[in-house]
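Contents: one structure, followed by commentary.
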10 protein chains.
Amino acid sequence: MLKGIPKIISPELLKILMEMGHGDELVIGDGNFPAASCARRLVRADGHGVPELLDAILKLFPLDPYVPAPVGLMAVVPGDTVQPVIWEEYRRIVERYDPKAAEPEFIERFAFYERAKQAYAIVATGEAALYANIILKKGVVVES
Amino acid sequence: MLKGIPKIISPELLKILMEMGHGDELVIGDGNFPAASCARRLVRADGHGVPELLDAILKLFPLDPYVPAPVGLMAVVPGDTVQPVIWEEYRRIVERYDPKAAEPEFIERFAFYERAKQAYAIVATGEAALYANIILKKGVVVES
Amino acid sequence: MLKGIPKIISPELLKILMEMGHGDELVIGDGNFPAASCARRLVRADGHGVPELLDAILKLFPLDPYVPAPVGLMAVVPGDTVQPVIWEEYRRIVERYDPKAAEPEFIERFAFYERAKQAYAIVATGEAALYANIILKKGVVVES
Amino acid sequence: MLKGIPKIISPELLKILMEMGHGDELVIGDGNFPAASCARRLVRADGHGVPELLDAILKLFPLDPYVPAPVGLMAVVPGDTVQPVIWEEYRRIVERYDPKAAEPEFIERFAFYERAKQAYAIVATGEAALYANIILKKGVVVES
Amino acid sequence: MLKGIPKIISPELLKILMEMGHGDELVIGDGNFPAASCARRLVRADGHGVPELLDAILKLFPLDPYVPAPVGLMAVVPGDTVQPVIWEEYRRIVERYDPKAAEPEFIERFAFYERAKQAYAIVATGEAALYANIILKKGVVVES
Amino acid sequence: MLKGIPKIISPELLKILMEMGHGDELVIGDGNFPAASCARRLVRADGHGVPELLDAILKLFPLDPYVPAPVGLMAVVPGDTVQPVIWEEYRRIVERYDPKAAEPEFIERFAFYERAKQAYAIVATGEAALYANIILKKGVVVES
Amino acid sequence: MLKGIPKIISPELLKILMEMGHGDELVIGDGNFPAASCARRLVRADGHGVPELLDAILKLFPLDPYVPAPVGLMAVVPGDTVQPVIWEEYRRIVERYDPKAAEPEFIERFAFYERAKQAYAIVATGEAALYANIILKKGVVVES
Amino acid sequence: MLKGIPKIISPELLKILMEMGHGDELVIGDGNFPAASCARRLVRADGHGVPELLDAILKLFPLDPYVPAPVGLMAVVPGDTVQPVIWEEYRRIVERYDPKAAEPEFIERFAFYERAKQAYAIVATGEAALYANIILKKGVVVES
Amino acid sequence: MLKGIPKIISPELLKILMEMGHGDELVIGDGNFPAASCARRLVRADGHGVPELLDAILKLFPLDPYVPAPVGLMAVVPGDTVQPVIWEEYRRIVERYDPKAAEPEFIERFAFYERAKQAYAIVATGEAALYANIILKKGVVVES
Amino acid sequence: MLKGIPKIISPELLKILMEMGHGDELVIGDGNFPAASCARRLVRADGHGVPELLDAILKLFPLDPYVPAPVGLMAVVPGDTVQPVIWEEYRRIVERYDPKAAEPEFIERFAFYERAKQAYAIVATGEAALYANIILKKGVVVES
């Protein structure tokens, strides 16, 4: 543990967030996401929900202002009647850090898997909500 | 995730619990425990408290009936005024699974480090309470 | 060994079952299946039959309700007169855990090999019956 | 699988048995034996009993005629009332292959662990019987 | 060394023969074969001839009855006047174990290299005869 | 790079600082320190001076309040006339973060090497000043 | 550290510069460059600016006289109003070592990423300036 | 060192020369050749010239009589006025071991790089002459 | 294979013989020697006898003239009636290469194991003769 | 190759020289030195003599002024009549770079081996002269 770093972020995850550069993508997968089969680099966060991880990550991680939507969600499979209420929570968290990034892109299930395979890393959580996977595209850290 | 396995247990931790045999020891370290420097096998559980991990582990893991105290705690350093209230919570959790094992052994700080270095594995948590480290000695699985 | 986990499942197999996510596939190969040459991840279960492994795995592993047939079998090669009586045993085992999944898909021999090469893992057994290979597609673990 | 090799022996175990030389020792541990923490080389045989493995191994593996007892068992801990009936089964199996080796040496529990740490390999089984661990010292293969 | 296993077979080769399944191929290369550059798995048997290895391998290794020719040889390069007398020796050895497999397939030199690159393993011998390379396709082990 | 993390800290160093626990030690070596031969874990920071690294690290890293002096310096070798003015700069930096830790312990050259070999990690800098090596003992992160 | 070698160059970077041959390319990425996701070989130089590294590298590293422009820069993305003043500094540094190489080639952002993926190595710096990435193509060392 | 083996050949190079088979290629690169970026297997011979290595290698290494030219050289780039006098020295060395192989094939620069990427190994020398790279195709060792 | 190198020597063995220096020891173990458990570096030569390997090795490998006996044999265990006739064959082979080294040192069985554990490498053969293990101490290669 | 770096120094050796710190030792072994069995880090320089390596290394590598003799040689074994004339050459080379270091320390043969085992690295050359091994203790690089 370190001063000022959220405890939910593991040393390995922190290293990976820091290694990423402009345009690299991070996936936070829910508990049913095939994270281990898709990931180039896999970080486990078993037992945690996505919202608390998302909140901790966005404290440190800038979103990409060069694309229309630096946040991506997995679209509901046609015919499935699930209503992912967790999306509203994601929107509120993103808005708190970067209001311009709050409107997500929706990505078809298998297209999401393909994009996850190209991501820099995937975080495997224990999130029980369905369709709770999220992609974040990293932006630029500017001198303050 | 699997049916009936607590979500807080990672695949790697489950594998390690299963590999352990009679007499092998597992340490669950709090967020300040020097887990990475002591561990033969290190399992990270950043952001989690010890009680919820202890509860999940004891669902699967038998304690050793061949020793007087299969549960060990780190004794408060002489001169330190901390009163670890979390110990009472541990006692209640252990009691629920194995009443005969509820009375722990207290181990001096540096002796605890030496024993941790001999343990089969150490779980590194984000537990904020002080003196919240615990050692579990594995027992025998008997046919039901 | 752990409380409540079938003894026939090795620590490594348990870890792999747990790492898999929605849509990932597991192959249980019979004793003549070219498991080592096809497998991305190989788990050995020498000396065991497929039915006892299948039964132990389905205690923990949900089948995919999003596809017509989450269970696949290798079709008999045209001209071969083998009658795989073990298939009936598989059907009874699957039915016990998931009645909607009991009707398998039949896959031509070389197409089966190609699909096995894409599977998350292959379990190599000592099953002596011919055409006793089986593919399982993982479903979703839901909160109980 | 190969012609004439018992199916219960895995490729890795067969390789290890073959690599061993005169005086090297093999431990077959029961399901509660701390195999992973003691082993220089660990071979898993989850779900199998010791007798069927012992029988298969002795088909291939000569016992050492240079020592009084090439077979060792773990002695019952003083105060424990267990009567290991499986020992009689071991005696019958060993006798079938090498009558002069049937009388075992008994080794105190912690001395057994130390000897297991020096063994060439340990086989981890799922044997449910208690005190079912056995050490075999390899002999010499002579030209036939 | 083990009882009943030919001494010429190394522990690693025995493991590899055992791991192979129905349809997997093994190449035994002569001393000039580019084994190290083609092999997925390389087993060295320097100083040995192919016939004694072939004989030892076929004691354990069934040939594939599902294809017209489970044995393949490298065809003489057009214009080369070599007469590989070793082929007759191969035929007699194969015939002893599996008369139906004695008639080999002849494979053009560069096609042979491509097929060797797909084989499960290549054994590199010290065979001095030219065109002495041989491919074996594994069959099925049936209960006796 | 991340928001709020000093740029001089590499991803690997940040991970290592976070993995360390109460009582673990970190050495920041000057450009002539035999870092690679002493280090259990080596982090390179070539071209940087020690003061800027020390300042960045102490933003995140608590010092140990359980020991009289959590900061150690290498004592000048008897007979050497060097006056390490950099020590005063270290004192000012430490004081800014933890006034109680500003008084360092002085450690004889070869005793310093032995302690560095036990440290969790060593950072190798390009600091040109002599006797500019420093040891930091990690403290406890408390909830804010 | 060695006599005559700039301190900012790490041992690993020096080794890599020396291993490179005629036509091989080196990328020095700014602090936001996705170095870790593009690099075949990654060298970290956190906290350093590109100009001081460029200057140190060109002391040792000849530029390729066989191509029109051995130095490449990332062109400003259309619509972006950044004016990279650092480019003028790069020009002065290159000119000092190799006047004929001072005129750079400009490479579109995503084409630059593709070329970086083919480069021999990427140096990840902490350079805060935007569009500060640079590619160097190695020339020939001639006898003096 | 061994009796009768030229001292300039390293243990690793000797092993690689021996592993190669009929048709495999070896590249000896000059000091500016991009050996590390092209090589499947890289052997360093820093500080040595190509002629003394070529001479030592041909003592042990037969050239391929099945192709018109088992020796290849990098053709001078059009427009370059270099006259590689070292080629005459190569011719004399090759002629001494295999007169029929003395006439080399000339390969365009980038085609040479592609062929080097397919070679079994590349030896990186310190040869200062330009266009001094050479490819050798291995022949057949026959019984003497 | 290479010109002039005995075919029975594998590429790895040749590399090891060449890496050894003055005073390093090589063990050639018979088929029952516990080579894999004693060896720092293990080279397999399954199926070969010791005499043909010894003869091939001594063509290349000088024996140490600085010690009274650079060749060591395992003494017969007291009480064992074996008469190792192979020793006479060893003497004749050694004498052919180095008459002054023909008189061996005899080493007690367990002392031989300890010395083998310190040897640079052990060659595991298939030699069927008992007490056929031999240690060779390397000498100095002098300019011819 | 790089501008100004002697070609005889390999990339790996350069990296190792640079990693070393004050007090670390480097051994340059002659062609008969047991370098591979003693070395913590082994660098091969087959075919080169020690004097040319020593000269190239001392261009970059400062010797330790804190000890009476930063250069060590292997003393002639009592009874051996060799007169190592190469020592005079070493003295002249060292004198050119550091006159105060020219007087070496003489170390008994087996004490030399023990010290070599503690050295940071050993360079294995092809030097034919006997007793040509040399140890260098690194000093301090000071700002110019």
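The values are calculated or read from the model by the stated rules, or taken from the named source; none is laboratory data. The model shown is predicted, which means the values in this text are computed figures rather than measured ones. Cβ atoms come from the backbone with ideal geometry, glycine included; neighbour counts cover every protein chain shown. Keep in mind that these areas ignore ligands, DNA and RNA; they rest on the heavy atoms of the full protein, side chains included. Shrake-Rupley method; radii C 1.70, N 1.55, O 1.52, S 1.80 Å.
Here the 3J(HN,Hα) profile of region E:9-14, calculated from phi with Karplus coefficients 6.51, -1.76 and 1.60 at θ = phi - 60°, is 8, 6, x, 5, 5, 4 Hz, Gly and Pro shown as x. Interface area, chains F and B: about 900 Å² of buried accessible surface, summed, with a 1.4 Å probe and ligands, DNA and RNA left out. Taking 7 Å steps out from each Cα toward its Cβ at C:GLU143 and B:GLU143 produces label points 4.1 nm apart.
Selection among I:GLY21, I:CYS38, I:GLY4 by position relative to the dipole of region I:1-49 gives I:GLY4 as farthest towards the positive end (Cβ unit charges, Cα centre). The distance separating the Cα centre of region I:1-78 from that of region H:69-87 comes to 45 Å.
3J(HN,Hα) along region A:72-77, derived from phi through the Karplus expression 6.51 cos²θ - 1.76 cosθ + 1.60 where θ = phi - 60°, amounts to x, 10, 7, 5, 5, 5 Hz, with x in place of Gly and Pro. Figure note: B:SER37, E:SER10 ranked by solvent-accessible area, largest first, 1.4 Å probe, ligands and nucleic acids not counted: B:SER37, E:SER10.
Given a cut-off of 27 Å, name the pairs among C:LYS15/D:LYS138; B:LYS7/C:LYS137; E:LYS117/I:LYS59; G:LYS117/I:LYS15; H:LYS7/J:LYS7 whose C-alpha atoms lie farther apart than that in the structure shown. Provide the component values of the computation, followed by the final result.
Numbers: C:LYS15/D:LYS138 34 Å; B:LYS7/C:LYS137 21 Å; E:LYS117/I:LYS59 35 Å; G:LYS117/I:LYS15 36 Å; H:LYS7/J:LYS7 19 Å.
Checking Cα-Cα distances, C:LYS15/D:LYS138; E:LYS117/I:LYS59; G:LYS117/I:LYS15 exceed 27 Å.
Within the listed set H:ILE107, H:ILE28, H:ILE134, the residue fluctuating most in the Gaussian network model of chain H (springs between alpha-carbon atoms under 10 angstrom) is H:ILE107.
Of all DSSP beta bridges confined to the protein assembly as shown, the antiparallel ones make up roughly 40%.
Out of the DSSP beta bridges found with both residues in chain I, what percent are antiparallel (nearest 5)?
Values: 8 of 19 bridges.
Expressed as a percentage, antiparallel bridges in chain I total about 40.
Extension gain for G:TYR66-G:GLU103 works out to 11.9 nm (0.36 nm per residue, less the C-alpha to C-alpha distance). For chain F, the per residue solvent-accessible surface stands at 38 Å², with DNA, RNA and ligands left out and a 1.4 Å probe.
Residues whose amide H lies under 5 Å from that of F:ASP24, counting only those 5 or more places away or on a different chain, are F:LYS138; hydrogens are built 1.01 Å from N in the peptide plane. Over region E:11-128, what is the mean sequence separation of C-alpha contacts under 8 Å (at least six apart), divided by residue count, expressed as relative contact order in percent? Answer for region E:11-128 is 52 percent. Each residue, B:LYS117 and E:GLN118, gets one label point 7 Å from its Cα in the Cβ direction; the gap between the two is 5.5 nm. Counting only GluC sites (Glu not before Pro) that sit in a DSSP loop (anything but H, G, I, E, B) with at most 14 other Cβ atoms within 10 Å, what is the longest stretch of chain I containing none of them? In chain I, the maximal stretch lacking such sites is I:1-107. For E:ARG44, the amide hydrogen comes within under 5 Å of the amide hydrogens of E:ALA124, counting only partners 5 or more places away or on other chains and with H modelled in the peptide plane. Sequence-ordered 3J(HN,Hα) estimates for region G:56-68 from the Karplus curve with 6.51, -1.76 and 1.60 and θ = phi - 60° stand at 5, 5, 5, 4, 10, 10, x, 8, 6, x, 8, 10, x Hz, glycine and proline given as x. Residues whose amide H comes within less than 5 Å of that of H:GLU105, counting only those at least five positions distant or on another chain, are H:VAL71, H:GLY72, H:LEU73 (H built at 1.01 Å from N in the peptide plane).
When the helices of chain E are scored as -39500 (n - 2.57) per DSSP H run of n ≥ 4 and the total is divided over every residue, the value at 222 nm lands at -8500 deg cm²/dmol. Return the carbon/sulfur percentage of the accessible area of region D:11-128, one whole number, probe 1.4 Å, all protein chains in place. The nonpolar share, carbon plus sulfur, comes to 52 percent.
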